[in-house]
Each structure stands twice: as C-alpha cells, then as structure tokens.
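First up is the structure itself, then whatever we jot down about it.
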Amino acid sequence: QVQLVESGGGLVQAGGSLRLSCAVSGRTFSIYPMGWFRQAPGKEREVVAAINYSGGSTYYQDSVKGRFIISRDNAKNTVYLEMNSLKEEDTAVYYCARGRLGGLRYARDEYDYWGQGTQVTVSS
C-alpha cells in the first residue's frame, strides 16, 4: 500500500514562506507524477501544482505562479512545495497526491493516492 505523509504546514504571516514536504512509501516513486492540492473551508479541492516523474515538467495554478515552486527528489521519495509571498487566500489544508502513470496530471480524478493533509494558515 502506498502511503503519503505531508509535513511543514503551520501558521505564517502574509508575505512569509513555508516549505511543505511529502514523503512517499514504495520503490516506484520515481515513475509517477505527483501533485499538490489544497482545500479551503467550503470550497472544492483544487490542484495547486503538479510535476512529472522526472521533475522536468511542472504545472501551476494561475494564482500561485511566480510564488510557489514544486520539486521532487526521487532518491528520497519526496516531493516539495515551496510557498513564498503567502497571502491570506492561500489558507487551506494542503494535500499531496500520486498521479496515474503518464505525463503531468492536472485533474483530481487522475490521482489515486492521497496524504492526510497539512494545514497552512496565513494571517494578515
């Protein structure tokens, strides 16, 4: 069974930075695309960023372009989300997820395994 464990969330002031990590169990991490999603209270879970198996291709939601960076270390079975210039509207529970084999995955239903989520709260 694949397990994903996020860490790095917390409370930060607007304009600050956080780095989320997601450790993934299993030997085949390096062949799967990965993604970070977020869900704010009363809203749908939405994709924030995605990365292909090698890290050579990435995707970002428009609202985080230029502020967030997704990366992965296949030797450590870990995917990261560096979040800079945080805004109050970035407040949400952030989830990492493993996508189905293939290229970048953008849609929620293209991801099969999910972490438990980590809370990010941005205060004014």
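The values are calculated or read from the model by the stated rules, or taken from the named source; none is laboratory data. Just so it is clear, the structure is predicted and the values come from calculations on it, not from any experiment. Cβ coordinates were reconstructed from backbone atoms using ideal geometry, including for glycine residues, and neighbour counts include every protein chain displayed. Heavy atoms of the whole protein, side chains included, go into the accessibility calculation; ligands, DNA and RNA do not. Shrake-Rupley method; radii C 1.70, N 1.55, O 1.52, S 1.80 Å.
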Handout entry: Matching residues in the stretch 47-65 - criterion: being free of Cβ contacts under 8 Å to residues at least 60 places away in the same chain and not in a loop (DSSP other than H, G, I, E, B)
Key = V48, A49, A50, I51, T58, Y59, Y60, D62, S63, V64
Completion exercise
Residue count, the stretch 41-57, condition open to solvent by 70 Å² or more (accessible area, probe 1.4 Å) and either touching an Asp or Glu at 6+ places or on another chain (Cβ under 6 Å) or not acidic (D, E) (or both), comes to 4
Practice task
Please state which of the following conditions Q1 fails to meet, knowing it meets all the rest: (1) within 12 Å of the chain's Cα centre (by Cα); (2) open to solvent by 20 Å² or more (accessible area, probe 1.4 Å); (3) closer than 18 Å to Q116 by Cα.
Solution key: (1)
